[in-house]
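Contents: one structure, followed by commentary.
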Amino acid sequence: PHLKTMPVATITDANIHIIEKLYPDALPLLPDTSTRNTRSTSSRLSTIQLNMIKDLCSTKKLLISVNTIKRGKAPGPFADSQEVLKWWALTRQDNNSYPNIEKLSQFIQLIMTDKFPTELQNLFGSNILICLHKSETDPTKLRPIGLGLILRRFISSHIARFYVDTFKSYLNPYQYGIGTRNGMEFIINSCTTTTQAYITRNYENIESNPPTRVLISLDLTNMFNACNRRQLLHIVRHRFPELYPYFKLSYDNPNLIHFQKGLERKWSRLLQHDGCTQGDPLGVFFAAAIFHDILKPLDSQLRQRAYHRKHSLQDRYDDDQGGVSDLTAWVDDLCAAIPYPDLKYTIQFLQKHGPPLGLHLSLPKCKFLTSTNSNSPYQFLPPAHQQTLQW
């Protein structure tokens, strides 16, 4: 199918006002954040962690990432080019060796071990801003993209390549948008199966066997730009401590966003205090890690409610387990077949615990499927389930 491109928006005063609203003030670390079951609580890197960085920056692995650099990528804020980086890194000596790969390895290790000069740290997090129109009919709907240093984008891409399985393991069993082959297909098949089992009903038997669940598809507003980076740094420090100095360098301080305003293309800048840079290859993990921080306790609560129904209320519900929900996410989108007794609880849980993480439901964009045949099952539902839909 033909994919329409997203035209670049001219950065006017009006558009900058819109963009500034997309970059909220910094959120604090959650006060009840737990550090139990973590790999590390020290800010200093251990010998094992230093060796992990050394392995990540080995010339063999760097060659793999350098060789995958594609042409035509946008330059960084200082006109730095990926093609120049690739050409320099792959320059050979007469003995067919790559001396610059070793230099690149040493330099990246300095960056990842918190030895990058303090005076240059703000430059490392700087970005060039471009804006894309998200809608053909509404010019106020903009998507800000931050083009960071080529070196930073390369390092983030390199980390993402070799940490994808590690990230996937951390985000399991909810997240299928990172490291899961055919993850979207799995979500679609899973939702189709649960929909057929718990929602789809023939008109002939709907009165005696009404639907028992609602398929939800939840949308989060401005998640990439608003998610809590203090919380992210906490997660990385305690779960992936060898990566903490690099994430700290990228996101501990507000990011300088440079842009050219108006038709005269005059340079100006603004600050991004929270969220991740749309354009950072690790931004997807950033968003998914913050989302995971609310999906895990939500899943635990829903399973406790199912257990209570089965064992305390003697209600096995529709699956003989009290109505267990399986949450499936694609980065910042959530899909699940939720039992009617849990629907209101799920929405209220996300509305209460999401904002401190920078996660805000966009209720007008959220979808709730109660039927698959265009006929409402409302009249056939028990009164309690009818009341849930009225809410």
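The values are calculated or read from the model by the stated rules, or taken from the named source; none is laboratory data. Worth saying up front: this structure is predicted, and the values here are computed from it rather than measured. Using ideal geometry, Cβ is built from the backbone for each residue, glycine included, and neighbour counts are taken over all protein chains shown. These area figures cover heavy atoms from the full protein model, side chains too; ligands, DNA and RNA do not enter into them. Shrake-Rupley method; radii C 1.70, N 1.55, O 1.52, S 1.80 Å.
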What is the angle, in °, between the Cα long axis of helix 13-22 and the longest principal axis of the Cα atoms in the chain? Nearest 10 is fine, range 0 to 90. 60 degrees
Heavy atoms only, probe 1.4 Å: what % of the accessible area of the chain goes to carbon and sulfur, would you let me know? 52 percent
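Computed FRET efficiency, Cβ-Cβ of D219 and T47, R0 56 Å: what is it to the nearest 0.05? Numbers along the way, then the final one.
Working: r = 45 Å, r/R0 = 0.80.
Computed FRET efficiency for D219 and T47 comes out at 0.80.
Could you sort F291, F162 by accessible area so the largest value comes first, with the probe set to 1.4 Å? Walk me through the numbers before you get to the answer.
Details: F291 5, F162 65 Å².
In descending accessible area the options line up as F162, F291.
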At 7 Å along Cα-to-Cβ for each site, give me the label-to-label distance between L120 and Q387 in nm. 6.5 nm
On C-alpha positions alone, give me the angle between the axis of helix 47-56 and the longest principal axis of the chain, in degrees, nearest 10. 80 degrees
For the chain, what is the accessible area per residue in Å², given a 1.4 Å probe and the full set of protein chains? 53 Å²
If amide H atoms are built 1.01 Å from N in the plane of the peptide, which residues on other chains or at least 5 residues away come under 5 Å of the amide H of L142? K134
Between D326 and D25, the FRET efficiency computed from the C-beta separation at R0 = 35 Å comes out, to the nearest 0.05, as 0.50
For H311, what is the net charge nearby, where nearby means another residue's Cβ is under 13 Å from its Cβ and Lys, Arg count +1, Asp, Glu -1? +3
In terms of modelled amide H atoms, which long-range or inter-chain residues lie less than 5 Å from the amide H of L220? S362
Report the relative contact order of the chain, percent, no decimals, based on alpha-carbon pairs under 8 angstrom and at least 6 residues apart. 23 percent
Potential lengthening between I18 and K103 on full extension [0.36 nm per residue; Cα-Cα distance subtracted]: 26.4 nm
Suppose each label sits 7 Å from its Cα in the direction of the beta carbon; what would the R303-W88 distance come out to in nanometres? 4.9 nm
